[in-house]
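The values are calculated or read from the model by the stated rules, or taken from the named source; none is laboratory data. Please read all numbers here as calculations on a predicted model, not as lab measurements. Reconstructed Cβ throughout: ideal geometry from the backbone, glycine too, with neighbour counts over all protein chains shown. Calculation scope for accessible area: heavy atoms of the full protein, side chains included, ligands and nucleic acids excluded. Shrake-Rupley method; radii C 1.70, N 1.55, O 1.52, S 1.80 Å.
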Amino acid sequence: MPRLPVLFPPTHPHMRKGVLVVGAGVVGLTTALELSNQYGDSLSITLIAKDLPGDVSPLYTSPKAGAHWTSSNSKENKQWQLVTYKRLKQLSEIPESFVVPYPLYQGDIVPEGCEAPPFEEPWYKDLVEDYEFLGSDPKKFPQVANLHVFKSYSISTTLYLVYLLSQCKKNGITIKRHTIASLQEAENFVLANGNKPDVVVNCTGLQYNQLNGCYDPKLVPVKGYVLLIENTLPYQTTFKHPKLTPDAKDGEFLMLFPRAEGGSVLGGIYDRNFTRFDTSIDADYAGRLVTKATTYMPELGRTRDIKVSTHTIGFRPERQGGARIGVDINNRKIVHNYGNGNSGYIESWGAAQSTVDSVAQVLFDNPKL
């Protein structure tokens, strides 16, 4: 009797399109999860990465971020940020996500003898919750002008990344620690279903320029340096700082983000002028940062009462002109999602949606509407 052909159901792994996501920072994990959420029955998804949540590596940026939601009028990709704001609100209702709502106070530090810059209302003031312009509050935030507040979200980075990873596993995504030397090598990776990927999603961040045959001159590292302190406040702050004042150097600002598990992240700096990937402790910077924090946020306590737990130094994958998202113009099997700079968490869900649309365009010739 002749053997009958094997008929696979639509959801059988051998009939699914194969997608390989490279990178397990917040961008890679969010993209893999969004692919699964939207096309899980049609795709066999594998995520590979050299670094996974819980790892410590100088170029594994996501665990080192301050991680909250804000934006500025100069930011590109505002729709991505708005999508993420709404998703963070949903996640804040899930305790194991470690996303927590807090009021976020923003303003400009104006030391005595300096003039406050003109105030420009944020583009999102009517799109976020509880926005209010306060002007100033000398007791709560001395020498801070243009003070405004709205409901934002603080993210405990490593715990949130572990949550995303667990959701990927729950959705059936294969996770594997694996290092590639090139995107061509990724194209030849054998997936769990035994096939090579139909699409490779490049979420390698700053490490893209370390891959053979890859170089993006617009992708540059920007050094960040924050302190994890035991002290905390029931709100967040981000205060801009005039350049080159006695208590700040070029690129410095002041931020404080409370964490769900206790303590706070205190920062920070955008250092575009560093000469090497140095992760050594800078006692002068840390001391200056603590002094600023207690000066402009006196509810935090006295300088000598600040208990520093960890110095955290990382390098943001900043792409001049904005993140690169979309199908590679020279290779339709590659879809990029990298270069969010300091907006990785802020843009993550919106950028993931755009990436999913690009993947769908390649695989199904019709992006999901």
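ARG304 passes every criterion in (1) open to solvent by 70 Å² or more (accessible area, probe 1.4 Å); (2) assigned to a loop (DSSP other than H, G, I, E, B); (3) over 30 Å from THR30 (Cβ atoms) apart from (2).
Here is the figure for segment 221-256: residues that are farther than 15 Å from GLN106 by Cα and of a type outside the set (Asp, Glu) total 18. Please count how many residues of segment 73-101 are farther than 17 Å from GLN353 by Cα, surrounded by fewer than 17 Cβ atoms within 10 Å (Cβ to Cβ) and of a type in the set (S, T, N, Q). Counting residues in segment 73-101 that are farther than 17 Å from GLN353 by Cα, surrounded by fewer than 17 Cβ atoms within 10 Å (Cβ to Cβ) and of a type in the set (S, T, N, Q) gives 2. The residues of segment 35-59 that are under 21 Å from LEU183 (Cβ atoms) and of a type in the set (Asp, Glu) amount to a single one, ASP51. Here is a list of conditions, (1) in a strand (DSSP E or B); (2) modelled with pLDDT of 95 or more, and ALA260 meets all of them except one; can you say which number that is? Looking at each condition in turn, ALA260 falls short on (1). Is it fair to say VAL162 is open to solvent by less than 10 Å² (accessible area, probe 1.4 Å) and not acidic (Asp, Glu)? Criteria not met by VAL162.
The lone criterion from (1) buried (at least 16 other Cβ atoms within 10 Å of the Cβ); (2) closer than 30 Å to GLU299 by Cβ left unmet by VAL220 is number (2). Do we find that ILE281 is part of a strand (DSSP E or B) and hydrophobic (A, V, I, L, M, F, W, C) in this structure? Against the criterion (part of a strand (DSSP E or B) and hydrophobic (A, V, I, L, M, F, W, C)), ILE281 does not qualify. Of all residues in segment 103-121, those satisfying the criterion of being surrounded by 19 or more Cβ atoms within 10 Å (Cβ to Cβ) and closer than 14 Å to LYS151 by Cβ are LEU104, TYR105, GLN106. Selection of segment 321-335 for residues being outside any loop (DSSP other than H, G, I, E, B) and either in contact with a His (Cβ under 9 Å, 6 or more places away or on another chain) or buried (at least 24 other Cβ atoms within 10 Å of the Cβ) (or both) yields ARG324, ILE325, GLY326, VAL327, VAL335.
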